[in-house]
């Protein structure tokens with residue numbers, strides 16, 4: 001590889017790592033406050049919370065979820081061609097677009113809350129939480145455009161920092177508001193004769209208030225950065241500018257042509273939760289199950305299983321967001337070698353993370369649930385053990401989605417997601433109606449969806465770029481390292497727990513041992529060379545430590 005290509009690949013990895021680290025921190029903050037919220041809301045409150053968020057997420061997907069990706073893609077292409085004024089025009093047009101679409105869906109969500117929660121989600125008491133969430137749709141839409149603009153300029157720091165600010169504010173207000181409104185709902189429920197439902201419903205509304213305030217704090221920070229950045233941008237426009245200038249009508253056309261396929265792809269790809277909840281509840285009601293049982297199971301699924309399994313998948317989402325503008329730039333420069341390099345780095349990086357997370361989640365399912373949620377029932381642990389494999393499939397499919405969008409194969413993920421979704425729904429109904437697997441049906445069908453998606457995407461990436469997947473360092477060595485880690489972690493936990501009978505100590509020590517064992521195995525099996533480690537953030541420090549402990553043999 002040429003020096004320039006290597007430097008650009010390294011820059012991409014650094015930017016992707018920044019966004020990935022921020023996403024991990026944000027998810028860890030989210031994990032902490034969701035653990036507290038789960039205890040405040042209970043399984044029923046989590047059911048109401050998840051119903052409101054499922055509706056919120058689908059409106060977000062339709063209106064603005066694709067905008068950061070589309071803006072970063074278009075801005076990146078303009079910057080690569082030194083069309084700085086065009087990049088600003090794209091940004092302004094996208095801001096107007098986001099304000100209009102965000103306002104429309106916010107109004108639909110707010111004024112249609114009663115119909116949506118009753119008739120679509122079959123969860124009437126989530127009405128209050130959805131009302132509170134509705135204005136957030138407008139805020140997030142505008143914030144997404146600003147994040148996409150910065151990403152298109154080649155920096156992930158504004159997005160990363162704003163995500164952390166958003167989560168910190170979200171966590172603090174969610175917990176305080178949930179406690180206060182839960183108590184208020186209990187008073188109302190006492191008068192109306194249904195204390196638990198109103199306590200859970202108002203508590204869920206309190207937790208969604210944190211989401212709104214977090215988004216507001218984030219957009220204030222982004223506007224401040226935009227104000228600061230605008231001074232540098234004026235200088236840049238004077239120094240580097242192509243004579244080509246697009247009209248606003250052509251820019252809106254480009255935005256629509258970019259947004260629509262991404263909307264279709266991301267909507268189909270993420271619509272599972274929106275469909276699963278009403279399908280699961282409708283079929284379970286038809287089978288004669290009690291409302292309390294159905295609500296409790298869904299609360300466990302969304303409030304415990306999903307909270308834990310989405311942590312590693314968030315890293316894949318962050319890498320996917322960072323790979324799109326950089327791949328688009330490489331495609332526009334017709335640098336085929338750099339395109340293949342970025343694809344290889346993306347897939348390898350996410351597998352090195354996803355494989356140990358899946359194994360660790362399966363091995364420590366019960367201890368983690370006891371530690372975080374004080375949950376000792378077998379149902380949640382079995383759910384987590386069953387669904388751990390989907391972490392790998394979802395991570396890979398998320399990254400390959402971003403790769404396909406980055407190389408301008410916008411409609412391919414749409415088609416693949418539609419095929420995977422059809423398989424998902426068919427198997428969900430079969431598992432529920434015929435095999436009577438109850439909530440396990442949702443998890444099994446999600447595994448099928450993610451597997452089909454990543455398989456189809458991988459085939460298309462190979463076909464479109466003639467990319468040949470490296471197997472040994474991407475899958476075999478991380479896989480073997482993860483298995484060794486899982487076996488040792490299992491016995492370490494069991495041994496410590498048998499001696500001291502304290503779950504928190506046994507779990508924390510086991511997690512620490514897992515991290516050390518995995519790192520040692522990865523290096524001893526030559527999963528990374530010295531040169532590759534030096535190319536990643538803090539690589540020099542890692543090499544010094546690895547050399548000191550004789551873990552690098554090359």
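None of the figures in this text is laboratory data; all of them are computed from the coordinates on show. Keep in mind it's a predicted model, so treat the numbers as computed, not measured. Don't worry about glycine lacking a Cβ; one is built from the backbone with ideal geometry, like all the others, and counts go over all protein chains shown.
Observations, loosely collected:
- Model label zone, residue 469; criterion: amide N under 17 Å from point 7 Å along Cα-to-beta-carbon; scope segment 333-351: 340-351
- Label-point gap, in nm, between residue 455 and residue 286 - each point 7 angstrom along Cα→Cβ: 2.7
- Of every Cα-Cα pair in segment 75-168, the percent that sits beyond 17 Å: 61
- Under the Debye formula (equal points on every Cα, no solvent term), log10 I(q)/I(0) of segment 11-146 at q = 0.12, 0.16, 0.17 Å⁻¹: -0.62, -0.95, -1.01
- Each helix, a run of at least 4 DSSP H residues, gives -39500 (n - 2.57); summed and divided by the residues of the chain, these come to -28500 deg cm²/dmol at 222 nm.
- Globularity ratio of segment 3-469, using Cα Rg and 2.2 N^0.38 Å: 0.97
- In plain terms, the chain from residue 85 to residue 32 could stretch by 14.8 nm, reckoned as 0.36 nm per residue minus the Cα-Cα distance.
- Extension gain for the segment residue 547 to residue 253, taken as residue separation times 0.36 nm less the Cα-Cα distance, is 100.4 nm to one decimal.
- Gyration tensor verdict on segment 471-554 (Cα atoms; rounded if a/c is under 1.5, prolate if a/b is larger than b/c, oblate otherwise): prolate
- Estimated FRET transfer efficiency (residue 100, residue 437; beta-carbon r; R0 60 Å; 0.05): 0.85
- Projecting label points 7 angstrom from Cα along Cα→Cβ for residue 504 and residue 21 puts them 2.9 nm apart.
- Calculated FRET value between residue 337 and residue 422, using beta carbons and R₀ = 56 Å, to 0.05: 0.90
- Highest mean first, the peptides 158-169, 143-154 sorted by other C-beta atoms within 10 Å per residue fall in the order 143-154, 158-169.
- The tail of the calculated P(r) for segment 418-535, taken as Cα-Cα distances beyond 21 Å, holds 64 percent of the pairs.
- The stretch between residue 512 and residue 462 holds 14.3 nm of extra length on full extension. This uses 0.36 nm per residue minus the Cα-Cα distance.
- Each peptide in 193-205, 173-185, 374-386 was scored by the mean count of other Cβ atoms within 10 Å over its residues; highest first, the order is 193-205, 173-185, 374-386.
- For segment 355-492: rounded, prolate or oblate by the Cα gyration tensor [a/c cutoff 1.5]: oblate
- Length-normalised contact order for segment 3-469 - Cα pairs under 8 Å, 6+ apart - percent: 22
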